[in-house]
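For reference, the structure is listed below as structure tokens.
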Amino acid sequence: MEKTIDENKQGESLVLEQKKGNTRKLFIESYGCAMNFSDSEIVASILSNEGFNTTQSLEDADLVLVNTCSIRDKAEQTVRKRLEKYNAVKRINPKMKVGVLGCMAERLKTKFLEEEKIVDLVVGPDAYKDLPNLIAEVDEGRDAINVILSKEETYGDISPVRLNSNGVTAFVSITRGCDNMCTFCVVPFTRGRERSRDPQSIIEEVNDLWAKGYKEITLLGQNVDSYLWYGGGLKKDFVNATEMQKATAVNFAQLLELCAKAQPNMRIRFSTSNPQDLTLDVIETMAKYDNICKHIHLPVQSGSNRILKEMNRLHTREEYFELIDNIRRILPECAISQDLIAGFPTETEEDHQDTLSLMDYVKYNFGYMFTYSERPGTLAGRKMEDDVPEETKKRRLAEIVQRQRDHSEIRTKEYLDTIVEVLIERESKKSDQQWSGRTSQNIVAVFPKEHYNIGDLVKVKVTDCTSATLIGTALGYSKDN
Ligand code: SAH
Ligand code: F3S
């Protein structure tokens with residue numbers, strides 16, 4: 001539970017459908033958030049038109065791409081270690097080219113080419129369409145770089161080639177970038193200004209996924225609730241938007257509804273919500289449609305009003321409680337999860353106690369918890385001293401993690417002896433006799449396989465649980481199967 005997102009999704013390599021006639025081999029792996037995994041599918045799609053098929057073997061690759069994360073120092077160190085491994089392989093296969101994509105590419109730019117001799121190619125998150133030109137340069141023996149950020153690029157016109165991991169769940173990106181400027185966060189610098197994708201292209205992607213057999217999608221954005229599309233492509237900060245354009249605008253609640261209606265049997269999730277932007281109409285839309293999953297990931301970062309202000313999170317602890325109360329009132333069955341940071345600059349013991357008491361109020365189902373990591377270039381990095389000693393940060397994090405463990409256990413136990421609906425995603429890691437899937441609330445459930453298959457939606461009676469997992473037996477197919 002206390003695992004970071006980086007650790008959860010470490011270095012999965014993508015293998016996609018192979019295109020006939022392609023002769024070059026691409027090894028691509030991703031670190032960090034779901035958006036990076038989604039972006040790697042876009043990159044693989046662009047390169048499959050350039051003669052590249054993917055391979056799972058690093059040793060066989062003509063081109064190695066690593067999609068990187070800058071969110072914490074540790075995430076960057078993980079990538080540096082991977083580069084060492086590529087270097088060892090390159091000694092055996094000197095023709096192999098190495099490219100760095102994503103947030104570290106954007107943050108370090110040409111420094112990467114200077115610091116890491118092994119790197120031939122540096123490409124930021126908005127420049128993937130330039131990859132064919134950049135690779136042509138690399139083929140001619142020159143280093144290549146494009147880290148230009150865009151105010152428009154959404155890759156809406158590229159249909160991602162899906163990694164065939166389970167064929168059941170997929171990510172659909174709806175916004176890119178972030179305008180929130182939380183003072184600790186590097187994302188606005190590495191992923192640029194926020195922009196929303198054309199709803200038409202989103203719906204087409206959802207329909208296409210359903211036609212291909214997918215059963216669940218997650219709408220992705222750094223801050224999905226600020227999704228806003230003005231017909232005709234105007235941005236929301238366009239001051240002269242006409243009344244007509246305003247009237248035809250699509251906000252996040254409307255987009256959710258469009259998706260839910262387009263595929264009434266498709267499960268729909270979304271991530272991530274910033275509390276300051278999550279509106280009641282989103283919660284009401286969730287209540288209206290059975291196929292919108294009842295889970296909200298609602299990072300809070302801290303329970304102290306003073307720290308929230310220093311972080312430039314534009315809500316108070318009291319406003320957050322009001323939001324939680326509204327969710328509980330409109331959607332009593334909804335699971336809520338958190339992100340929390342321990343040891344932000346100037347955090348006192350009292351601030352830390354505020355975080356613990358906020359957790360006690362909400363009793364989150366699960367969460368992702370981190371110690372503060374100073375990021376160069378951010379406002380906190382420039383203006384605030386990283387003054388909480390490392391041991392204090394670690395001790396506070398341990399207390400937060402323990403509190404979350406206690407709450408997860410309470411929450412998971414609430415499902416004992418109930419019947420939950422589970423979408424089967426894969427074989428359980430612990431037993432090849434069991435399936436593993438998730439409930440609408442995003443809680444993992446395992447149960448004996450019997451005659452069921454991956455992609456089935458089944459009713460499961462919960463007979464036992466651990467702090468994070470429901471254990472049960474299937475009672476039959478769900479009516480929506
Ligand atoms: N809106 C984003 C949040 C991105 S970062 C999303 O879609 O998930 C994910 C989490 O990393 C944040 O919620 C925060 O808890 C954590 N984080 C971000 N910057 C951090 C830093 N400098 N130190 C420690 N944790 C950080
Ligand atoms: Fe980062 Fe805050 Fe945006 S955490 S991604 S700046 S909402």
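The values are calculated or read from the model by the stated rules, or taken from the named source; none is laboratory data. As the structure is a prediction and not an experimental result, all values here were calculated from the model. We place every Cβ from the backbone using ideal geometry, glycine too, and count neighbours over all the protein chains shown. Accessible surface areas use protein heavy atoms only, side chains included; no ligands, DNA or RNA. Shrake-Rupley method; radii C 1.70, N 1.55, O 1.52, S 1.80 Å.
Quick one: is residue 301 within 16 Å of ligand 2 (Cβ to nearest atom), open to solvent by 10 Å² or more (accessible area, probe 1.4 Å) and modelled with pLDDT of 95 or more? Judged against the criteria, residue 301 is a match.
For (1) in contact with a helix residue (DSSP H, G or I) (Cβ under 9 Å, 6 or more places away or on another chain); (2) within 16 Å of ligand 1 (Cβ to nearest atom); (3) acidic (Asp, Glu), each residue gets a yes or a no:
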residue	(1), (2), (3)
272	yes, yes, no
277	yes, yes, yes
283	yes, no, no
294	yes, no, no
301	yes, yes, no
310	yes, yes, yes
319	no, no, yes
331	yes, no, no
337	no, yes, no
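Only one of these is open to solvent by less than 40 Å² (accessible area, probe 1.4 Å) and assigned by TED's automatic domain parsing to the domain that holds residue 455: 425, 347. Name it. Exactly one of 425, 347 is open to solvent by less than 40 Å² (accessible area, probe 1.4 Å) and assigned by TED's automatic domain parsing to the domain that holds residue 455, namely 425. Restricted to segment 355-443, the set of strands (runs of 3 or more DSSP E) holding at least 1 residues that are modelled with pLDDT of 95 or more and hydroxyl-bearing (Ser, Thr, Tyr) comprises 366-371, 434-439.
The set of residues in segment 30-67 that are open to solvent by less than 10 Å² (accessible area, probe 1.4 Å), within 16 Å of ligand 2 (Cβ to nearest atom) and not in a helix (DSSP H, G or I) contains only 32. Scanning segment 158-188 for residues that are surrounded by fewer than 21 Cβ atoms within 10 Å (Cβ to Cβ) and at positive phi yields 167, 181. For the residues 322, 257, 310, 284, the requirement of being at pLDDT 95 or above, under 22 Å from residue 352 (Cβ atoms) and open to solvent by 20 Å² or more (accessible area, probe 1.4 Å) singles out 310.
For residue 391, the conditions (1) without any contact (Cβ under 8 Å) to a residue 40 or more places away in the chain; (2) within 16 Å of ligand 2 (Cβ to nearest atom) are fulfilled apart from (2). Out of 179, 126, one residue alone is under 30 Å from residue 211 (Cα atoms), within 16 Å of ligand 2 (Cβ to nearest atom) and in contact (Cβ under 8 Å) with a residue 24 or more places away in the chain. It is 126.
Identify, from the list 161, 168, 172, the residue that is away from ligand 1 (no atom under 16 Å from the Cβ) and touching a strand residue (DSSP E or B) at 6+ places or on another chain (Cβ under 7 Å). Spell out how you get there, then give the answer.
Working: 161 fails: touching a strand residue (DSSP E or B) at 6+ places or on another chain (Cβ under 7 Å); 172 fails: away from ligand 1 (no atom under 16 Å from the Cβ).
Just one listed residue meets the conditions, 168.
Among the residues of segment 129-151, those that are open to solvent by 10 Å² or more (accessible area, probe 1.4 Å) and either in contact (Cβ under 8 Å) with a residue 60 or more places away in the chain or in contact with a Pro (Cβ under 6 Å, 6 or more places away or on another chain) (or both) comprise 129, 132, 135, 151.
Please go through segment 182-206 and pick out each residue that is touching a residue at least 60 places away in the same chain (Cβ under 8 Å) and of a type in the set (Ser, Thr, Tyr).
Keep residues of segment 182-206 that are touching a residue at least 60 places away in the same chain (Cβ under 8 Å), which gives 182-187, 189-192, 206.
If the condition is that a residue be touching a residue at least 60 places away in the same chain (Cβ under 8 Å) and of a type in the set (Ser, Thr, Tyr), then 183, 190 are the ones that fit.
Taking segment 122-157 as the range and being over 20 Å from residue 268 (Cβ atoms) and either under 19 Å from the mean Cα position of the chain (by Cα) or hydroxyl-bearing (Ser, Thr, Tyr) (or both) as the test, the residues that pass are 124, 125, 126, 128, 150, 153, 155. Only one of the listed residues (129, 74) is out of contact with any Gly (no Cβ under 8 Å at 6 or more places or on another chain), under 30 Å from residue 273 (Cα atoms) and more than 16 Å from ligand 1 (Cβ to nearest atom). That residue is 129. Checking the stated criteria, residue 290 turns out not to satisfy the condition of being in a helix (DSSP H, G or I) and modelled with pLDDT of 95 or more. Taking the criterion of being part of a helix (DSSP H, G or I) and touching a residue at least 40 places away in the same chain (Cβ under 8 Å), the residues of segment 310-326 that qualify are 310, 317, 319, 320, 321, 323, 326.
In this structure, is residue 204 among the acidic types (Asp, Glu), within 16 Å of ligand 1 (Cβ to nearest atom) and open to solvent by 20 Å² or more (accessible area, probe 1.4 Å)? Let's see the steps before the verdict.
On the way: among the acidic types (Asp, Glu): yes; within 16 Å of ligand 1 (Cβ to nearest atom): no; open to solvent by 20 Å² or more (accessible area, probe 1.4 Å): yes.
No; evaluated as a whole, the condition is false for this residue.
The condition of being among the hydrophobic types (A, V, I, L, M, F, W, C) and modelled with pLDDT under 95 holds for only one of 158, 148, 217, that being 158. Reported count of residues in segment 444-481, each being assigned to a loop (DSSP other than H, G, I, E, B) and open to solvent by less than 30 Å² (accessible area, probe 1.4 Å), is 4.
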